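See structure below.
The values are calculated or read from the model by the stated rules, or taken from the named source; none is laboratory data. If you're wondering where the values come from, they're calculated on a predicted model, not measured in any experiment. Backbone-built Cβ (ideal geometry, glycine too); neighbour counts: all protein chains shown. With ligands, DNA and RNA removed, areas are computed over all heavy atoms of the protein, side chains included. Shrake-Rupley method; radii C 1.70, N 1.55, O 1.52, S 1.80 Å.
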Amino acid sequence: MEQLLDLFDFGPFFDNFDAILQGFWAMLRLAAAAGVLSLVIGTVLAGFRVAPIPVLRWFGSGYVNIVRNTPLTLVLLMCSLGLNDTLGLAFSGEPSTTYYWWAVLGLSGYTGAFVCEALRSGINTVPLGQAEAARSIGLTFTQSLRLIILPQAFRAVVAPLGSVLIAMIKNTTVASAASYGEIAAVSKGLLDLPSFASGAVPLFIGVAIGFMILTLPTGFFFGWLAKRTAVAR
Amino acid sequence: MTDNEVGSGAAEGAAPQDASDGPFDATGAGPLVVVENVNKHFGDLHVLRDIDLTVNRGEVVVVIGPSGSGKSTLCRSINRLEPIDSGTILVDGKPLPQEGKDLARLRSDVGMVFQSFNLFSHKTILENVTLGPVKVRKQGKAEAVKNAMALLERVGIADQASKYPAQLSGGQQQRVAIARSLAMKPKVMLFDEPTSALDPEMINEVLDVMTDLARDGMTMIVVTHEMGFARKAAKKVVFMADGQIVESNTPEEFFTNPRSDRAKDFLSKILTH
Ligand SMILES: Nc1ncnc2c1ncn2[C@@H]1O[C@H](COP(=O)(O)OP(=O)(O)OP(=O)(O)O)[C@@H](O)[C@H]1O
Ligand SMILES: [Mg+2]
């Protein structure tokens, strides 16, 4: 009984609360930037995949198939160790800044492939007649994509896009692979401290709750948004 | 472009088929759409065989024929929604350009009304009508809205302007689709079975709008089996079968006195139901 209670010693957790909050803050900064950038990348890729120019289509499908089938850890390691450290492509001399941007870029590039595929399935739900009507009033390909097809495709895949974003938020924990100190890296650091030995389970619980505070409302929000924006046909 | 102003009530008093009186650009009579020796295949299927068709300014041509005869394909090839294999298609003297900006410009001069309406479902009725003028013609928003409201008034749906397409009946949607095409001030309008997806009680409201257009001198190519419309509005009826133009005549002659067996057979079928 005593041993069981020992597992729930919240002392170390609150002793290091500041560090944990900082880890979460770092994670939030990463998730927010990657959320925006992955939507942009995914939208551009989806445009490529339906473009009338074969080279763009090949690039789109090549990118998606390679990135989607590469482990995220590898993508991030390639960004931090490969591009930043080895090739010296640094965003800034400040390590925390350059690794932050590499983590954003790696995570967005990776998530963008999933956003693209979600969007492409959305594009498939838009009846062919919509594109034909758009072309017949003289809109160019990019105009019909931007004004007619994508707005309807987005509305059709709001819910799956929510899942992609939730997965992305959880994937931020892999960013320590890009030498970026977010919550998972902070947790690992804490767990390595001898003084933290008894605080492991509370830390896990705390971090899990922290993620749920973020992801549950995200899920609800996207569910609500999906209902609100649904296109009646 | 400026002399084909469309206003409500512009139809008053114009004589049927008298192109020069209407508000549309019917000046300088002569061919507006010329289809010459056009062939098209879908795989092994030869859907258009040596098609020749000339449509003069202000003329209404009705295309009729059995299912699968290539009517839609012909209609769609005129604004290059379907590319053709050989032959030439001239619109206002210019051959159809390759896919790209020039083709987009040409398409904006060729209105198209589809069987399934194809209104943009995420946009309001008003936005459906103003989109083309604003994005393609680079018209100012206020002017586009003013013109759109006048057009919606003309087709009798001004009071529904802020609704979404799914909230309208089929007949209303099709009238909006016509207004959307008209907003581009097209030189010619293509209609591909505009009433065949409609409930019977809605067919007339759409045909009335089309008849008014015809009277106002709009150049129109209409795929339809509505003989009443053909008789009232068309200068010429073109009968297609198996990808060929089998017969071409005035509506009166064609319906009362078809020459080919295919046409006789077809007419007997559509007349009996
Ligand atoms: N995209 C396509 N791919 C392959 N075959 C097609 C395609 N579109 C049409 N066809 C075929 O071409 C032929 C002519 O079709 P089209 O739609 O022009 O006929 P239609 O005269 O309009 O018929 P309907 O009265 O049924 O509308 C048909 O046999 C049809 O099956
Ligand atoms: Mg057809």
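Projecting each Cα onto the charge dipole of region B:47-108 (Lys/Arg +1, Asp/Glu -1 at the beta carbon, about the Cα centre), which of B:Ser72, B:Pro95, B:Leu106 comes out farthest on the positive side?
The residue sitting farthest along the positive end of the dipole is B:Leu106.
Suppose every K and R has +1 on its Cβ and every D and E has -1 on its Cβ; what is the size of the dipole of the protein assembly as shown about the Cα centre, in Debye to the nearest 20?
With Lys and Arg at +1 and Asp and Glu at -1, about 360 debye.
How large a share of the accessible area of chain B, in percent, is made up of carbon and sulfur atoms when the probe is 1.4 Å and the other protein chains stay in place?
Looking at chain B in its full context, I get 48 percent from C and S.
Please list, in order, the residues from region A:128-150 whose amide nitrogen is less than 18 Å from a point placed 7 Å along the Cα→Cβ vector of A:Phe59.
Output list for this probe position: A:141-143, A:145-146.
In the full protein assembly as shown, how much of B:His225 is accessible to a 1.4 Å probe, in Å² to the nearest 10?
Number for this one is 70 Å².
By how many degrees, between 0 and 90 and to the nearest 10, does the Cα long axis of helix B:125-135 differ from the longest principal axis of chain B?
90
With respect to the cross-link table entries A:Lys170/A:Lys227; B:Lys94/B:Lys138; B:Lys101/B:Lys163; B:Lys123/B:Lys232; B:Lys71/B:Lys185, which display a Cα-Cα separation exceeding 29 Å?
Those over the limit are B:Lys101/B:Lys163; B:Lys123/B:Lys232.
If you put +1 on each Lys and Arg Cβ and -1 on each Asp and Glu Cβ, how big is the dipole of region A:106-233 around its Cα centre, in Debye rounded to 20?
480
Across peptide A:126-134, what mean number of C-beta atoms from other chains lies inside 10 Å of a residue's C-beta?
Per residue, the average neighbour count from other chains is 5.
Roughly how many percent of the accessible protein surface of region A:2-229 is carbon and sulfur, given a 1.4 Å probe and a whole-percent answer?
Working: 7880 of 11270 Å².
Carbon with sulfur: 70 percent of the solvent-accessible area.
Compute for chains B and A the buried accessible surface, both sides summed, probe 1.4 Å, and express it in Å² to the nearest 100.
Using a 1.4 Å probe, the pair buries roughly 1900 Å².
Note every residue of region A:194-233 with a reduction of at least 10 square angstrom in accessible area, all protein chains present versus the isolated chain, computed with a 1.4 Å probe, or write none.
A:Val231, A:Ala232, A:Arg233
Angle, helix A:17-49 long axis vs. longest principal axis of chain A, Cα atoms, 0 to 90°, nearest 10?
Computed tilt is about 20 degrees.
Just need the relative contact order of chain A here, percent rounded to a whole number, with Cα pairs under 8 Å and 6+ apart. Write down the numbers at each step before the final one.
On the way: 266 pairs, mean separation 72.9, N = 233.
This gives 31 percent for chain A.
Using alpha-carbon pairs under 8 Å, 6+ residues apart, how would you state the relative contact order of region B:113-258 in percent?
Relative contact order comes out at 23 percent.
Kindly report the accessible area of the protein assembly as shown per residue (heavy atoms of protein chains, probe 1.4 Å, no ligands, DNA or RNA), in Å².
On the way: 23200 Å² over 506 residues.
Averaged over the residues of the protein assembly as shown, the accessible area is 46 Å².
With unit charges on the beta carbons (Lys and Arg positive, Asp and Glu negative) and the dipole taken about the Cα centre of chain B, which residue among B:Gln173, B:Ala230, B:Met210 sits farthest to the positive side?
Of the options given, the answer is B:Gln173.
If you count, for each residue, the other Cβ atoms within 10 Å and average over each peptide, how do A:178-185, A:153-160, A:48-55 line up from highest to lowest?
Ranking, from highest mean packing down: A:178-185, A:153-160, A:48-55.
Using only the alpha-carbon atoms, how far is helix A:200-229 inclined from the longest principal axis of chain A? Give it as 0 to 90 degrees, nearest 10.
Tilt of helix A:200-229: around 20 degrees.
Heads up, I need the accessible area for A:Thr43: 1.4 angstrom probe, whole protein in place, Å², nearest 10.
Result for A:Thr43: roughly 30 Å² accessible.
For the protein assembly as shown, what is the mean residue ellipticity at 222 nm derived from helices alone (per DSSP H run of n ≥ 4: -39500 (n - 2.57); sum divided by total residues; nearest 500 deg cm²/dmol)?
-16500 deg cm²/dmol
Can you send over the solvent-accessible area of B:Glu153, 1.4 Å probe, protein chains only, in Å² to the nearest 10?
Number for this one is 110 Å².
Can you tell me the dipole magnitude for region A:31-140 around its Cα centre, using point charges on the Cβ only (Lys, Arg +1; Asp, Glu -1), in Debye to the nearest 20?
That gives region A:31-140 a dipole magnitude of about 360 debye.
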